[in-house]
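Below is one structure, written out as C-alpha cells; comments come after it.
The values are calculated or read from the model by the stated rules, or taken from the named source; none is laboratory data. Just so it is clear, the model here is predicted, and its values are computed rather than measured. We place every Cβ from the backbone using ideal geometry, glycine too, and count neighbours over all the protein chains shown.
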Amino acid sequence: MNLTYEQCLEAKKVLSDLMDTDLPVKIGLDIARLSNIIDEEAKIYAKAAKSLIKNYEVKPTHSEGSMVSFTSDVIGKNDDETRDLKKQKLLEWTEKMTTLLESTTKDINVEKIQIPADMLSLSMRKLKPIADFIEVT
C-alpha cells in the first residue's frame, strides 16, 4: 500500500491517540507495529521538510488570531523588491512543501487490523486517516 506523506502524518496522530487506549494484546500489538511503520515514514518526511525549511530560510511566526505563518529573510534593493523576493521565495517553498506532502511513501506492507465492531468507538474524523488499515469484524 502506498500512502502520501500527508496521509502518514494524519494517521500518526490518530495512532498516537490509540496507543493510550486499553485494547486486547493482539490488537494493541498490531496497532503498535503499524504505528512504528508510520513513524518511520514520518521521520523521512520530517527530514525532507527540515531541509526545505533550511534551504529556503523560512521560519514560523505566530501572530494573534492566526495559526502559524512563515516568513523569509530576503533583502532587496528597496522595500518593494524585498517584498517581491520574499513572496516569490515563500511561494516556491509552499510549492515544494505541497509536493512533498503529496509524495508517496515506499510500499507499506501491513495486514489490516481486525477490530470487533463493539470494541472501539472512534469519531469519523479519527477513523478516516486509519480506515485503510483496519477491518471491522
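A few comments on the model shown:
- Considering the stretch 86-119, and only residues there that are of a type in the set (S, T, N, Q) and touching a Phe, Trp or Tyr at 6+ places or on another chain (Cβ under 9 Å), the residue that is farthest from I38 (Cα to Cα) turns out to be T94.
- Against the list (1) among the hydrophobic types (A, V, I, L, M, F, W, C); (2) part of a helix (DSSP H, G or I); (3) within 30 Å of D22 (Cα to Cα); (4) in contact with a strand residue (DSSP E or B) (Cβ under 6 Å, 6 or more places away or on another chain), the condition L90 fails is (3).
- Qualifying positions in the stretch 4-22 - of a type outside the set (D, E), closer than 24 Å to E102 by Cα and assigned to a helix (DSSP H, G or I): Y5, Q7, C8, L9, A11, K12, K13, V14, L15, S16
- Considering the stretch 23-32, and only residues there that are assigned to a helix (DSSP H, G or I) and in contact with a strand residue (DSSP E or B) (Cβ under 9 Å, 6 or more places away or on another chain), the residue that is surrounded by the fewest Cβ atoms within 10 Å (Cβ to Cβ) turns out to be K26.
- The residue that is modelled with the lowest pLDDT, among those in the stretch 87-137 that are of a type in the set (S, T, N, Q) and over 20 Å from the mean Cα position of the chain (by Cα), is Q88.
- Where a residue in the stretch 102-114 is within 12 Å of E41 (Cβ to Cβ) and in a loop (DSSP other than H, G, I, E, B) and its partner, wherever it lies, is hydroxyl-bearing (S, T, Y) and at pLDDT 90 or above, with Cβ under 9 Å and at least six apart: S103/T4; S103/Y5; S103/Y45; T105/T4; T105/Y5; T105/Y45
- Of all residues in the stretch 42-59 being basic (K, R) and modelled with pLDDT of 85 or more, the one that is nearest to E6 (Cα to Cα): K43
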